[in-house]
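> Pasting a structure below so you can have a look.
The values are calculated or read from the model by the stated rules, or taken from the named source; none is laboratory data. Since the structure is predicted, the reported quantities are computational estimates derived from the model, not experimental observations. Note: ideal-geometry Cβ built from the backbone for every residue, glycine included; neighbour counts use all protein chains shown.
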Amino acid sequence: MRVLVSGGAGYVGSHVLLDLIAAGYDPIVVDDLSKGHAAAVPQGVPLAQVSLADAAALDRVFAQYKPQAVLHFAGFTEVGESVKFPDRFFRNNISNGMTLLDAMVAHEVKMLVFSSTAAVYGEPQTVPIPEDHPKSPTNPYGESKLFFEKILARYDAAYGLRSISLRYFNAAGAHPSGTIGEDHNPETHLIPIILQVALGMREQLAIFGTDYPTMDGTCVRDYVHVCDLAAAHILALRALEKGAPTDAFNLGNGQGFSVKEVLAAAEKVVGKSIPAQTAPRRAGDPAVLVAGSTRARELLGWQPRYADLHTIVETAWRWLQTHPAGYGEE
Ligand code: UFG
């Protein structure tokens, strides 16, 4: 089955491509390469360098490749940027996403898996967070993803386009082969930053806030391996093929680790101490974000294989050691 993958040259999308191929699907990537990397797309997978803002070009891609389903990863993801430039986030994540949906409607493509986020919840009232937790995003990024989920529900009611939204918690790690991994510019995520310090690419880690109401005062997050996220997309696609209704699922391991615990795990992986200093809180960081993901396990049959924090950090380390400049070095 032909599957169109928007944002397939990005971090999560590129890992999903490998699973799609292994599962016998036939992916075609649409990516404008503004954030993604052509080198992250496996050889033999067609890559259309097209922006989702370009309805005419998108229409040509749909006409040429005739996909039967879409996996939608393309979008901006950086929370801090979204506060500075909400216009960019709403335009790209909502308006351009709708251009993709309209192409799907025009070409009668009725199944979509959407890359959503824990940021739709905002500051949690209960932890672990269930899917029906109130949605009160604290930044334009989370708002853009939540609004797109609402749009998806309406497109189902109006046009019969069924979708599964997957709300990732903290995506981390890299493919165990060491061939693909995380390459953001600038990098803002905790694990790659810690490992860049270990590699001497940065002087030290700034720990954003040590006065949170957590066991050691630092923020707690639910780190989930990118390959486990990838596996969930294949399960979601299969569920849609079997007629599953429009739905949303949390993806996390249900276990939280503090910034200091992640640092300690990284020190074990790299075998040396990693310089860190305390810094003020980063605006908009909730103290604790941990997923309640029993629905994904029960309804999709999702079973994370790399839930262990050590393994998550180890795979990220393998990638960074061999690709210190990301894809730029290849
Ligand atoms: N952190 C530091 N120092 C750093 C970088 C991060 O202390 O240099 C801390 C953050 O304050 C946070 C934790 O490490 O407590 C994790 O931060 P990340 O930036 O790696 O991830 P976030 O939890 O901020 O963001 C993730 C996703 C977002 C998503 C969000 C949901 O990357 O896309 O979860 O709130 F929106």
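> Starting from the stretch 196-212, take each residue that is under 19 Å from V269 (Cα atoms) and list its partners that are among the charged types (D, E, K, R) and in a loop (DSSP other than H, G, I, E, B), counting only C-beta distances under 8 angstrom and pairs at least six apart or across chains.
Q196/E187; Q196/R202; V197/E203; A198/K272
> Take the stretch 129-144 and flag every residue that is more than 10 Å from S82 (Cβ to Cβ), of a type outside the set (S, T, Y) and either in contact (Cβ under 8 Å) with a residue 40 or more places away in the chain or within 14 Å of the ligand (Cβ to nearest atom) (or both).
Matches in the stretch 129-144: I129, P130, E131, H133, K135.
> I've got another one for you. Of the residues that make up the stretch 218-225, is at least one assigned to a helix (DSSP H, G or I) and modelled with pLDDT of 95 or more?
No: zero hits.
> Still on this structure, please answer the following. Could you tell me which residue of the stretch 47-87 is nearest to the ligand (Cβ to nearest atom), considering only residues that are exposed (fewer than 15 other Cβ atoms within 10 Å of the Cβ) and under 30 Å from H175 (Cα atoms)?
G80
> Filter the stretch 168-179 for residues that are under 15 Å from the mean Cα position of the chain (by Cα) and more than 9 Å from the ligand (Cβ to nearest atom); which is nearest to G284 (Cα to Cα)?
From the stretch 168-179, those under 15 Å from the mean Cα position of the chain (by Cα) are 168-175; that's our starting set.
Right, trim to more than 9 Å from the ligand (Cβ to nearest atom) and you get 173-175.
Working: G173: 24, A174: 26, H175: 30 Å.
In this case the residue turns out to be G173.
> Tell me, which residue of the stretch 180-189 that is surrounded by fewer than 22 Cβ atoms within 10 Å (Cβ to Cβ) and in contact (Cβ under 8 Å) with a residue 12 or more places away in the chain is farthest from the ligand (Cβ to nearest atom)?
N185
> Would you pick out the residues in the stretch 115-139 that are of a type outside the set (S, T, Y), over 14 Å from L289 (Cβ atoms) and buried (at least 23 other Cβ atoms within 10 Å of the Cβ)?
Those that are of a type outside the set (S, T, Y), over 14 Å from L289 (Cβ atoms) and buried (at least 23 other Cβ atoms within 10 Å of the Cβ): none in the stretch 115-139.
> Next question. Taking the stretch 5-37, which residues are in a helix (DSSP H, G or I) and in contact (Cβ under 8 Å) with a residue 60 or more places away in the chain?
Of everything in the stretch 5-37, those that are in a helix (DSSP H, G or I) and in contact (Cβ under 8 Å) with a residue 60 or more places away in the chain turn out to be Y11, V12, G13, S14, H15, V16, L18, D19, L20.
> On to the next question. Tell me, which residue of the stretch 202-244 that is on the phi > 0 side of the Ramachandran plot and within 16 Å of the ligand (Cβ to nearest atom) is farthest from the chain's Cα centre (by Cα)? Steps first, please.
Of the stretch 202-244, the ones on the phi > 0 side of the Ramachandran plot are 209, 217, 243.
Narrowing further to those that are within 16 Å of the ligand (Cβ to nearest atom): 209, 217.
On the way: G209: 24, G217: 26 Å.
For the stretch 202-244, the residue satisfying everything is G217.
> Which one of A198, A244, A206 is modelled with pLDDT of 95 or more and touching a helix residue (DSSP H, G or I) at 6+ places or on another chain (Cβ under 6 Å)?
Answer to the selection: A198.
> Still on this structure: Give the number of residues within the stretch 286-321 that are in a loop (DSSP other than H, G, I, E, B), in contact with a His (Cβ under 8 Å, 6 or more places away or on another chain) and hydroxyl-bearing (S, T, Y).
Count: 1.
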